[in-house]
1. When residue C:94 is evaluated against the numbered criteria (1) surrounded by 24 or more Cβ atoms within 10 Å (Cβ to Cβ); (2) farther than 20 Å from residue C:5 by Cα; (3) touching a helix residue (DSSP H, G or I) at 6+ places or on another chain (Cβ under 7 Å), which criterion, by number, is the only one it fails?
2. Condition check: touching a residue at least 40 places away in the same chain (Cβ under 8 Å) and either touching a helix residue (DSSP H, G or I) at 6+ places or on another chain (Cβ under 7 Å) or over 30 Å from residue C:1 (Cβ atoms) (or both). Does residue B:142 satisfy that?
3. Mind listing just one residue for me: the one in the range A:138-166 that is away from chain B (no Cβ under 14 Å) and modelled with pLDDT under 95 and, of those, surrounded by the most Cβ atoms within 10 Å (Cβ to Cβ)?
4. Scan the range B:70-90 for residues that are assigned to a loop (DSSP other than H, G, I, E, B), at the interface with chain C (Cβ under 7 Å from one of its Cβ atoms) and in contact with a strand residue (DSSP E or B) (Cβ under 8 Å, 6 or more places away or on another chain) and report the count.
5. Please state which one of C:53, C:58, C:45, C:84 is in contact with a helix residue (DSSP H, G or I) (Cβ under 9 Å, 6 or more places away or on another chain), over 17 Å from residue C:11 (Cβ atoms), without any contact (Cβ under 8 Å) to a residue 60 or more places away in the chain and crowded, with 24+ Cβ neighbours inside 10 Å.
6. Can you find a residue that is closer than 22 Å to residue A:106 by Cα and surrounded by 24 or more Cβ atoms within 10 Å (Cβ to Cβ) anywhere in the range A:28-35?
7. Among (1) within 13 Å of chain D (Cβ to nearest Cβ); (2) within 13 Å of the chain's Cα centre (by Cα); (3) farther than 23 Å from residue D:120 by Cα; (4) surrounded by 24 or more Cβ atoms within 10 Å (Cβ to Cβ), where does residue A:63 come up short?
8. Looking at this structure, is residue B:78 on the phi > 0 side of the Ramachandran plot and either crowded, with 24+ Cβ neighbours inside 10 Å or over 15 Å from the mean Cα position of the chain (by Cα) (or both)?
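The values are calculated or read from the model by the stated rules, or taken from the named source; none is laboratory data. Because the structure is a prediction, the values reported are computed rather than measured. Here the Cβ positions follow ideal geometry from the backbone for every residue, glycine too, while neighbour counts run over all protein chains shown.
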C-alpha cells in the first residue's frame, strides 16, 4: 500500500523567519507521524525548512523540482523528482499530496492553493493572514484554517483517517 | 514579426452573466485592435464569451485546451492547441499572452493570476472585487485594476506600446 | 470552425541542408492549401525552414516553444506559444497537429514520432531512412512513408478529407 | 544526500511475459543494491513487474503516474507522484532517474528512450532487438546494450560510481 504523502507549501526566497520556523515544525511533526513529506524541493524558504525538520525527525522526504537537473536542490531531499516543467510543477506538488499544508504566502504559493481548490484537494492554511483566508475561502469549500503547527497536524490526521475509512468502506 | 497575443482569463462553468458580457466586450475590442485573442479555449463562461466577441469582430482566436483531443472546445476557437496537461495548461495561457486580462474569479482563474504575478507578466483585473484586488496586490507589482473593458484596453495599449518601444530601443 | 493545423517536425541544430530544404517545401505547400503550419518554433533547422516556407507562401504559422519567454524564436512564427515545459512541449506539438509530417531524424524528433504513435495521431515520415521506417513501423499502424514533399501533401489531403467526411457523418 | 534513483521503463499493457520477467529481476536487483526504483507507476507490464520485484526485495519504489488521481496505480508503488500530465509525464520519468534501464519496446517506451538521448541521460537497453539498438544508437552516444539483468546492473553500478567520483572531485 502506498505511503501517506503530506505536502507543505510556502514561499521560497521570500519566506520570513516565522514562515521557515513554522515549516520546520510542520516537517518535523509530519515525519513523527510516519508520513512522507513532499515539498517543491528547492533549497530556499519553506521548502527547505520543512524538509530539514522532517529529516531531523528521521522522516522520508520528496522534492518536486521545477528544474530538469540537480541544481538548487535542498540537501534535505531524499527523493528528488526533476520535472523540467518550471512553474507547471506546482500542480504536481498538489496532486501528489494527500493533504496540503500552507505556511506563508507568495505568488507561487497562491498558485498552489488555487490548484488545490480547483482539484478539490484538502488544503489547510496555517497561521494565515485574514486577507488570504477571506480570498481563498470564497473560491472553494475544501479549505480550512489552523492556528499553529499542532492544530494543522490534528486536522491532517482527521483528514487522513477519514480517507482511509472511506477506502475501507468501498 | 510575431502577432500581438492578448489573453483573457476568467471562470468557466461558474462564470456569471456579467463576467460573460464583459469577456465578450474584451474579446471584441481585442480583435478590433488587430490583436490575437488567447483563452483557455473551452466552450464555457469567460473563455467562450471572449472568443465569440473576438470572432464576431473578425479577429483571430487561439484556445489552449487542457484536453488531449477535440472535446469541450469553443466553436469560436480558430487555432486549438491541445496540451493534454490538464490544469497545468494554465501556465501556458499566461506565458503565451503579452498582457493578461482577468474578468471574474474562480480557483482556476486565481491560479492564472498567481502565475502571472510569479512570472512577471502584466495582469489587469477588470471590474474585480475589493478582496481580490487586495489579495493579489500584496503578491506582486505587475498588476493593475481597470474599471471596465474600455479602460482595460487602454491600459493594454500602453503596455504593448511600451514593450515595442523597448524592443526597438535595444 | 477551427482551422486545419498541420505539424512539421524534424531536427533543430542537427538538421542537414536536405532536411531544411524539404521542410521549407513542406511549409510552402501547407500554406498554399490554406492550412496552418505548426512547428516547435525555434530558429533552427526543420522548424525554422518550414516556418519560412509557409510564411513565404502567405500562410499562418504557429510555434510551440519549449521556453517560457521570447528567446530563440524563429522570425517566421506568427503565433508563438510559450510553454516553459522544456522537452515536454513535444507532446503539445503532436496533440495540436491534425497530421504530423516528419523530415530528418534526431532524438527530439524520435520522441515526437513515438508520441504520435502512442496517441494514434497520423504521422508521415518523408524521405526517411530505412532503419527509421523499420523501427517505427513496428510500434504502431498510424504511420506511413512519403517519398517527397508532394507525396506527403497528397497523403495529408486524404487524411484531412477522411476526417472531415467522418465528422460530417456523425 | 539524495538517494540513488534508478528508472526501469518498458511497455505497459503490451509487455510480453519475457519483458515482465526481466523487469521483475531488474527491480529486485535494484532494491538489493539499496537504490530507489522509479517507474511509470501503472499496474501493467514492465512498470508493475519491476515495482513488484523491488518491493519483494525490500526496496523503496516511486511511481510517476500520468493521471491526476489514484487510479490504475500498481499496488507495489510506495510513493505515487500524480502528475495529471498524461503522456508528458514520460519526460519526468527520465529526468528523475540517474540511469534508465529499458526492457521491451513500445511507442511510449520509445518516447522515453528518445528523451533520455535528448537530455543526455545514461540509458541501457536490456536484451533489445537489433532494429531497436540500430535505430537509437544512431541518435546519441549515451546509450549502451546489456545482455541480461545482471549485465545491466553491473553497467549501472559503474555509471553510479563514476558520477559519485565526479561529484566528489568537484
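1. Of (1) surrounded by 24 or more Cβ atoms within 10 Å (Cβ to Cβ); (2) farther than 20 Å from residue C:5 by Cα; (3) touching a helix residue (DSSP H, G or I) at 6+ places or on another chain (Cβ under 7 Å), only one is false for residue C:94: (2).
2. On the way: touching a residue at least 40 places away in the same chain (Cβ under 8 Å): no; either touching a helix residue (DSSP H, G or I) at 6+ places or on another chain (Cβ under 7 Å) or over 30 Å from residue C:1 (Cβ atoms) (or both): yes.
Taking the combined requirement at face value, the residue does not satisfy it.
3. Quick first cut of the range A:138-166, residues away from chain B (no Cβ under 14 Å) only: A:144-166.
From the residues that got through so far, the ones that are modelled with pLDDT under 95 too are A:162-166.
Values: A:162: 11, A:163: 14, A:164: 12, A:165: 9, A:166: 9.
Of everything passing the filter in the range A:138-166, A:163 is surrounded by the most Cβ atoms within 10 Å (Cβ to Cβ).
4. Residues flagged as assigned to a loop (DSSP other than H, G, I, E, B), at the interface with chain C (Cβ under 7 Å from one of its Cβ atoms) and in contact with a strand residue (DSSP E or B) (Cβ under 8 Å, 6 or more places away or on another chain) within the range B:70-90 amount to 3.
5. When all the criteria are applied, what remains is C:84.
6. Step one: list which residues in the range A:28-35 are closer than 22 Å to residue A:106 by Cα, which gives none.
No - not one qualifying residue is present in the range A:28-35.
7. (3)
8. Details: on the phi > 0 side of the Ramachandran plot: no; either crowded, with 24+ Cβ neighbours inside 10 Å or over 15 Å from the mean Cα position of the chain (by Cα) (or both): yes.
In short, no.
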